[in-house]
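The structure under discussion appears below in the form of structure tokens.
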Amino acid sequence: MNQHVSRSACPHDCPSTCALEVDVLDRHTIGRVRGAKANDYTAGVICAKVARYAERIHHPDRLTKPLVRTGPKGSGQFAEIGWDEALDRVAEAFLEAERAFGAESVYPYHYAGTMGLVQRDSIHRLRHVKRYSRQFDTICTNPAWTGFIAGTGRLAGPDPREMAKSDCVVIWGTNAVATQVNVMTHATAARKARGAKIVAIDVYETDTVRQADLKLVLRPGTDAALACAVMHVLFRDGYADRDYMARYADCPEALEAHLQSRSPQWAAEITGLSVDDIEAFAKLVGTTKRTYLRLGYGFTRQRNGAVAMHAAASIATVAGLWTQEGGGAFHNNGGIYRLDSSMVMAVDALDPSTRKLDQSRLGAVLTGDPDVLFGGPPVKAMLIQNTNPVSVCPEQELVKRGFARDDLFVCVHEQFMTETAKMADIVLPATMFLEHDDLYKGGGHQNILLGPKLIDGPEGCRSNHDVNGALAERLGAEHPGFRMSPREHIDWMLKASGRGTLAELEEAGWIDCQPPFETAHYLDGFAYPDGKFRFRPDWTSVEANNNGPMGPWSALPALPDHWGTIEDATEDYPFRLVTAPARSFLNSTFNETPGSRSKEKRPSVMIHPEDAAAAGLEEGARVRLTSRNGSVVVAARLFEGIQRGVLVSEGLWPNDAFEDGCGINTLTSADPVAPYGGAAFHDTRVRVAQAVALA
């Protein structure tokens, strides 16, 4: 094979889903990875960690042989075995669990280590055909998507490329420089070409906040208070678009009356922002019709996250921003694609009576909580793909306790020996995205992208699709999807969805699915029968992913408001902790690469210098953080770009990077976020203990 450049797509759990150009050096080797310049959303720009993907795909610690555990769980003691023996052992364990406890005692567990629609979702085909326990996905999107859909009725918004045509871009609750760099590409283009203002709203001074014209660093869980104060000013000062609301909103008069007491002074007390900054932000929005609200996930990872998202999106309706190119509110475009995944997932075999186990509450699931198990059998066997729950899940000590059960059989299909793989009975080596065929869609843009196989993986590695098919054969699971190749699945999905063919996609590289302007901006009506945005949503009727109402859903505010259901600081736990993503990691991915580890240095916690002085802490001091769920040891990092009483720890570092082997999610809670669940990773009250400085 001659050296050449090939197109691909980034597979990782990021809204950007970048179109890539990859230097292919030979059948087994890649060089540099770049953003595709021809794709007008990626626009040639990708994050540094993916640009140096060669150090991950060619990492010497990659798993390349199936392994069987030979020592205690978690010991890391394994021996190599052949693929047939490994798969036979997994199938035997699944069949034994099914005979003794029923099919629901087997729990295939997965998430977004790859976002590929064939490789990621093929585990559902095995699940559905065998009637194994289903998974209720809660660890990432539920509060955000529910909050946005509550207002608009659909998970979609203005073309993200319109940010470049805006006069004001509001980057709310996302550190775009670190987590979706293309947002900054288009926002800075607007600044350069049009003199647009950039507003950044976050709980600490991120790299994104530093680049903003207006920097709003507020207390965690108070975003809805800020949104309400902005709308108060819009009504008060005549910036509210009453004609627009009369046509497109359900109850503008009730909202105006409700917001009369939600003044900037009221919000300042809650958020910690100054009245002047709140007034300035509201005036900027009110006088700038081409304001684009780019709403992220971070601010929704609170117990009031769905309410916060709904309140922020409501600003666009009060101000009538939706009418303008470069205006409106955008969170995710997942609702535009309508791809038919029924063959990949074997939807025709799905039995809706099988239980759905909460992904975020895995600790409770594995330790036998009868409520979380819906009164059904215990989980006795698991297949885990694309996720690392022993590091990523909240209530980590409970999760570890569950995985330590001697009567639980676990097979982990992985690329590296993660914390979860160390707890497995069987470990299977997995391919990476350039080593198999797949199809992707961008949550943060409007493209369907092809990710073709460009190189051969290490000998011994197999794809999710291959592993799930081999297990199906041994388990007696029959479905046409098991007999199809990934390329055949891609072609079938495109044709069934009216999106052309695989051959056409190979030629084009991606498909632009952006709806017409009137649809994207809801000028033909919001996605409710009366076409009106809901200031007063019926929270438990919102058409978003759910397993029934959960959390304190009956107390949800009727109209946009600050909802004080968060874990406020107390005398015993006087700080509020946010576990934010680090720039060089992506969840627990990339924390094995030397480039990323060297940039992030070590697990640490940002603390305001005045808080540090009050606790007798110096830079680099050894700090023990304690919540009601456990404690961890990190290094203190004195940081002025944060409000007093707030702590931020960026990650995810592997558990063994921490002094006592307890990762940051030891502290976080799996309490379900109302109304449809989710993990409040950024909503944890903690205390700080003084200790000696690290060497």
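The values are calculated or read from the model by the stated rules, or taken from the named source; none is laboratory data. Quick caveat: nothing in here was measured; it's all calculated off a predicted structure. Virtual Cβ from ideal backbone geometry, glycine too; neighbours counted across all protein chains shown. Surface areas here come from the heavy atoms of the whole protein model, side chains and all, with no ligands, DNA or RNA. Shrake-Rupley method; radii C 1.70, N 1.55, O 1.52, S 1.80 Å.
Overview of values
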{"item": "Cross-chain or 6+ apart pairs with Cβ under 7 Å, the range 156-170 first and under 18 Å from residue 201 (Cα atoms), then part of a helix (DSSP H, G or I) and basic (Lys, Arg)", "result": "167/194"}
{"item": "Count - residues of the range 432-460 that are open to solvent by 10 Å² or more (accessible area, probe 1.4 Å) and touching a His at 6+ places or on another chain (Cβ under 6 Å)", "result": "2"}
{"item": "Residue in the range 624-633 that is small (Gly, Ala, Ser) and out of contact with any strand residue (DSSP E or B) (no Cβ under 8 Å at 6 or more places or on another chain) present", "result": "yes"}
{"item": "Pair list, Cβ < 8 Å and 6+ apart or interchain, from the range 253-270 residues that are free of Cβ contacts under 8 Å to residues at least 60 places away in the same chain to residues that are assigned to a helix (DSSP H, G or I) and of a type in the set (D, E, K, R)", "result": "264/279"}
{"item": "Flag for residue 272 being within 30 Å of residue 499 (Cβ to Cβ) and either open to solvent by 10 Å² or more (accessible area, probe 1.4 Å) or of a type in the set (S, T, N, Q) (or both)", "result": "no"}
{"item": "Residues (within 33 Å of the chain's Cα centre (by Cα), within 13 Å of residue 425 (Cα to Cα) and either open to solvent by 80 Å² or more (accessible area, probe 1.4 Å) or aliphatic (A, V, I, L, M) (or both)) located in the range 90-103", "result": "90, 91, 93"}
{"item": "Residues of the range 404-421 satisfying the condition of being within 24 Å of the chain's Cα centre (by Cα) and open to solvent by 10 Å² or more (accessible area, probe 1.4 Å)", "result": "414, 415, 416, 417, 418, 419"}
{"item": "Pair list, Cβ under 6 Å, 6 or more apart: the range 476-488 residue under 15 Å from residue 503 (Cα atoms) and outside any helix (DSSP H, G or I), other residue among the charged types (D, E, K, R) and modelled with pLDDT of 95 or more", "result": "none"}
{"item": "Per-region count, the range 78-124, residues out of contact with any strand residue (DSSP E or B) (no Cβ under 7 Å at 6 or more places or on another chain), over 30 Å from residue 452 (Cβ atoms) and not aliphatic (A, V, I, L, M)", "result": "8"}
{"item": "Qualifying residue in the range 310-323 (condition: assigned to a loop (DSSP other than H, G, I, E, B) and open to solvent by less than 10 Å² (accessible area, probe 1.4 Å))", "result": "yes"}
{"item": "Qualifying positions in the range 172-226 - hydrophobic (A, V, I, L, M, F, W, C), more than 18 Å from residue 576 (Cα to Cα) and out of contact with any Asp or Glu (no Cβ under 8 Å at 6 or more places or on another chain)", "result": "176, 181, 183, 184, 187, 189, 193, 200, 212, 226"}
{"item": "Some residue of the range 614-629 being farther than 23 Å from residue 205 by Cβ, open to solvent by less than 10 Å² (accessible area, probe 1.4 Å) and in a strand (DSSP E or B)", "result": "yes"}
{"item": "Flag for residue 45 being surrounded by 14 or more Cβ atoms within 10 Å (Cβ to Cβ), aliphatic (A, V, I, L, M) and either in contact with a Phe, Trp or Tyr (Cβ under 7 Å, 6 or more places away or on another chain) or more than 30 Å from residue 510 (Cα to Cα) (or both)", "result": "no"}
{"item": "Qualifying helices (runs of 4 or more DSSP H) (wholly inside the range 345-403; at least 2 residues being within 18 Å of the chain's Cα centre (by Cα) and at pLDDT 95 or above)", "result": "389-392"}
{"item": "Check on residue 670, small (Gly, Ala, Ser), out of contact with any Leu (no Cβ under 7 Å at 6 or more places or on another chain), at pLDDT 95 or above and not in a strand (DSSP E or B)", "result": "yes"}
{"item": "The range 20-46, residues that are in a strand (DSSP E or B) and not charged (D, E, K, R)", "result": "20, 22, 24, 25, 29, 30, 31, 33, 35"}
{"item": "Any hit, the range 362-372, residues being open to solvent by less than 30 Å² (accessible area, probe 1.4 Å), farther than 20 Å from residue 123 by Cβ, without any contact (Cβ under 8 Å) to a residue 24 or more places away in the chain and not aromatic (Phe, Trp, Tyr)", "result": "yes"}
